[in-house]
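Student: If you scroll down you'll find the structure; I have some questions about it.
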Amino acid sequence: MRNRKPDAKKGSWDSVDMEKAIQDVMKNNMSERKAAEMYSVTRSTLKRKLKEARMNGTDAVSYKPYTVSSMKIFSVEEEHQLVRYCLSASKMGYGLSTVKLRSLAYEYAAKLGKRMPHSRTVGSDQNSWEAHEKARKDWLTAFMKRHPDLAVRKPEPTSIGRMSAFNRHNVDQFYSNVRHVLHERKLEPHQLWNCDETGVTTVQVPERVIAGRGEKQVAAVTSAERGTLVTMCNAVNACGTSIPPFYIFPRVHFKEVFLRNSIPGASGTAHQSGWMVESTFIEWFKHFVKHVKPSTDRPVMLLLDNHETHLSLQFIDMAKENGVTVVTIPPHTSHKLQPLDVSVYGPFKRSYNREIDSWLATNGGKTVSIYELAELSGKAWSKSATSANIISRFASAGIHPFQPDKWTDDDFCLAQVTDRPNPQSCEDVTGISAATEPGTVAGGSAPDVAVPDEAPSTIVADTHAQDNSVPAIGSSQPISVDGSDAVDSPVVTDETR
């Protein structure tokens, strides 16, 4: 975006002096140069207005000096409508680029019958709004300066599923499950745990470096083109503490050398894919029980996403035996409701990249392998998983302190396809384009995203069950594996389908 400042002093003359200068030139035969000097008006402006007076008469000449406000295309209220439209579209995930905003401004001005700027070059339409069917860059620059609450931002790619899933229905159901567990178990902050996996690779994303201005390409050393993935699973609680990391290495057999120089107490296992599967998650849960030491007398709540590897019957039975109440997060909402996703893993990845950069700089000619990952990721985890960071993000997710009403309507804007009314529920619906009413998101009157009427609430697992079948999912009432009506067992809440 340009930031050019014009040198010309436009509008610096007086309207009365301009009128006198034109009268003296046309009636008293005074030269244009002498009239401009005598009345202190710009000669080029005087020449242009004399041309208008000779063609259309002196009554058709405007003697009002040029000002920024007099050359604005839209009124204050019309520009506020554009601002509200830009902010609303951005909150709904359909933000306007600078080019789209310029096109919208042209369409809006044309619909309102506004007088648009034209090129001052005689016989040329270059840079005019009509020729390119969009506003000029100078208008965009001035518009952004007049409205400092607007800024050009690079958006984060977000899938339609993630946008539509974070709606008030799903979020209310999640907090209802959490409220039930907190009320029934009388849990303290140190008993509220969250676990999640993340991937660490042998190839880092290099940090920004200082280089010569104008350099076309700046290189940074990495171990390979594509790295080897190792899954790292962590757990933190609302008091700001965490347990040692657990690793899943892409090997058939696990070796202790994989954990060389890792955080004390770290553990791991091996799987051919290096990903989290049901068997490796069971191994992690044993690691969790070893360090947290939960029991039926000292219950804890474990908050995790609803991936299928987390909800095996064996895991539910182990959770029952150890007094662990598992609450699952609705699908595609972990970016808002999961503390590890919200706060810890972002700083961890940046710190991990710095650790690999430092390792490569001090070990010239060597490459990072899975034998160094535990050491490097352990250093990064110690720096990023701070107590203040973890505690603040439990609060940001509304888990502790428990704040089920922290999310406002603006937070659920991404779940809306459009802010227009549903045609099926309105007797009279008039289609208004974005150019005529910049209060709705362009793209048609698509209906709102449908939300299921009912969501599964709780599933109760009993280790003494005679029937080994998996509990039914989809009921709004607690279901016991052994058929009893008791609901005093640890609860496993499922997601809103």
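Student: Among C86, C195, rank each residue by its count of other Cβ atoms within 10 Å, from fewest to most, as a rough exposure measure.
Tutor: Working: C86 20, C195 23.
Going from sparsest to densest Cβ surroundings: C86, C195.
Student: Now, a different point. On a full-extension model of 0.36 nm per residue, what is the gain between S176 and D138, subtracting their alpha-carbon distance, rounded to one decimal in nm?
Tutor: 8.5 nm
Student: Please identify every one of the chymotrypsin sites (Phe, Trp or Tyr not before Pro) in region 255-331 that sits in a loop by DSSP and has no more than 15 other beta carbons within 10 Å of its own beta carbon.
Tutor: For chymotrypsin sites (Phe, Trp or Tyr not before Pro) across region 255-331 that sit outside H, G, I, E and B with at most 15 neighbouring Cβ atoms in 10 Å, the list reads W275.
Student: Same structure, new question: Can you put V257, V289, V368, V324 in order of Cβ neighbours within 10 angstrom, beginning with the fewest?
Tutor: Working: V257 9, V289 18, V368 22, V324 25.
With the sparsest Cβ surroundings first, the list reads V257, V289, V368, V324.
Student: For region 161-167, what does the Karplus curve 6.51 cos²θ - 1.76 cosθ + 1.60, with θ = phi - 60°, yield as ³J(HN,Hα) per residue in whole Hz, taken in order and with x for Gly and Pro?
Tutor: Couplings: x, 5, 5, 6, 6, 7, 10 Hz.
Student: Taking the Cα-to-Cβ direction at S396 and at T158 and moving 7 Å from each Cα, how far apart do the two end points lie in nm?
Tutor: In this crude spin-label approximation the distance works out to 1.4 nm.
Student: Something else: Compute the Rg/Rh shape ratio of region 72-146: radius of gyration over Kirkwood radius, all on alpha-carbon atoms.
Tutor: 0.99
Student: For the pairs K91/K145; K49/K72; K186/K406; K27/K72, note any where the Cα-Cα span goes beyond 26 Å.
Tutor: Among K91/K145; K49/K72; K186/K406; K27/K72, the Cα-Cα distance tops 26 Å for K27/K72.
Student: Hey, another quick one. Residue by residue, what Karplus-based ³J(HN,Hα) values in Hz, rounded to whole numbers, does region 175-191 have, using 6.51, -1.76 and 1.60 with θ = phi - 60° and x for Gly and Pro?
Tutor: Using θ = phi - 60°, the values come out as 5, 5, 5, 5, 4, 4, 5, 5, 6, 6, 8, 6, 8, 8, x, 6, 9 Hz.
Student: Under the 0.36 nm per residue contour assumption, what length would be gained going from the current alpha-carbon distance of Q217 and K34 to full extension? Working shown, then result.
Tutor: Working: separation 183, 0.36 × 183 = 65.88 nm, distance 5.85 nm.
Between Q217 and K34, full extension yields an extra 60.0 nm.
Student: Which whole-Hz couplings ³J(HN,Hα) result when phi for each residue of region 138-146 is put into the Karplus expression 6.51 cos²θ - 1.76 cosθ + 1.60, θ = phi - 60°, listed in order with x for Gly and Pro?
Tutor: Couplings: 5, 5, 4, 4, 5, 4, 5, 5, 6 Hz.
Student: In addition: Contour minus end-to-end for K27 and T296, with contour as 0.36 nm per residue of separation and end-to-end as the Cα-Cα distance? Walk me through the numbers on the way to the answer.
Tutor: Details: separation 269, 0.36 × 269 = 96.84 nm, distance 10.53 nm.
Difference between extended and current length: 86.3 nm.
Student: Ok, one more. Within 10 Å of each residue's Cβ, count the other Cβ atoms and sort L87, L414 from fewest upward. Intermediate results must be reported in sequence, preceding the final value.
Tutor: Working: L87 16, L414 19.
Final ranking by Cβ density, sparse to dense: L87, L414.
Student: What shape does region 290-400 take by its C-alpha gyration tensor, where a ≥ b ≥ c are the square roots of the eigenvalues and a/c under 1.5 counts as rounded, a/b above b/c as prolate, and the rest as oblate?
Tutor: Values: a/c = 2.28, a/b = 1.80, b/c = 1.27.
Note, shape of region 290-400 comes out prolate.
Student: Write down Rg/Rh for region 15-69, rounded to two decimals, with Rg from the C-alpha atoms and Rh from the Kirkwood relation over Cα pairs.
Tutor: Rounded to two decimals, Rg/Rh equals 0.94.
Every read-out reported here was derived from the displayed coordinates using simple, explicitly stated rules and does not represent laboratory data. Predicted model only: the values in this text are computed from it and were never measured. Backbone-built Cβ (ideal geometry, glycine too); neighbour counts: all protein chains shown.
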